[in-house]
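Throughout, read-outs are computed from the coordinates displayed, never taken from laboratory work. Note that this is a predicted model, so its numbers are computed, not measured. A quick note on method: Cβ atoms are made from the backbone with ideal geometry, for glycine too, and the neighbour counts reach across all protein chains shown.
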Amino acid sequence: MSASSDQRPGTAAPIIAQAKTLGASLAGMVSITALERAPSYATCDLVPRLPGAGSLLVTALVHRHSQPELDWWDDRKGGTPGNRQMEETAANLAGWLGQELGVKAHILPYHLERGGVFLKDAAVLAGLGIIGKNNLLVTPDYGPRIRLRAMLVEVEVDPPKRPDFDPCARCCMPCTRACPRDAFAPGSYHRPSCAAQMKHDEANEIMVPGAEEVAGQLLCVPYCRACELACPVAR
């Protein structure tokens, strides 16, 4: 029997605190059972399993206006500088969980089709924020300007406290006017319009100076963030 078998509900606080110490801007935990009941899982069964895993840890990294390059997609491992930073945090946290708590953890891929989870649903259930009318996770601390990753953890946790937070209720919704594809014209978020903008972005890569370990120039895709950057929450 592993040490994690002796863990009881309520152990989320030290894990969340350590995630922040290691670089996460926000962190929260939700039980796998609760995640399976999330809206996006109503018609599918895609929640990854780890023998003994009872919870999902969601970490978030703030993506400020002043750091657009965190989300510039390149063809290097990890995809973006921000994601590589989050992968490092996750690896360090998984090591800490094993060494300090005797708890097994499994870092999940970002993409759903590769074994990931619906990150926005998970983040809401973990108490990080709400899904706004812009179809983005909106947090009290950073608005929608965050990036998410997750890992399975072999420990049970108490249900998190949801924030008393409804920023879209009295908002004039500048996000809907900022969209270059009028993705909100039908009255709610229209995914095909957003997908068309993504294809446009991918066809218009930019050349940027390479990082220290990359000689010369680096081709990157700066994906659209118009609705995200227009959101006034926590700006």
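Brief remarks follow.
- Distance (nanometres) between label positions extended 7 Å along Cα→Cβ at SER193 and THR43: 2.2
- Segment 3-165: radius of gyration over Cα atoms, expressed as a fraction of 2.2 N^0.38 Å: 0.98
- Rg/Rg_ref, segment 106-198, where Rg_ref = 2.2 N^0.38 Å and atoms are Cα: 1.24
- Of the cross-linked pairs LYS161/LYS199; LYS77/LYS104; LYS77/LYS133; LYS77/LYS120, those separated by over 31 Å at the C-alpha level are LYS161/LYS199; LYS77/LYS133.
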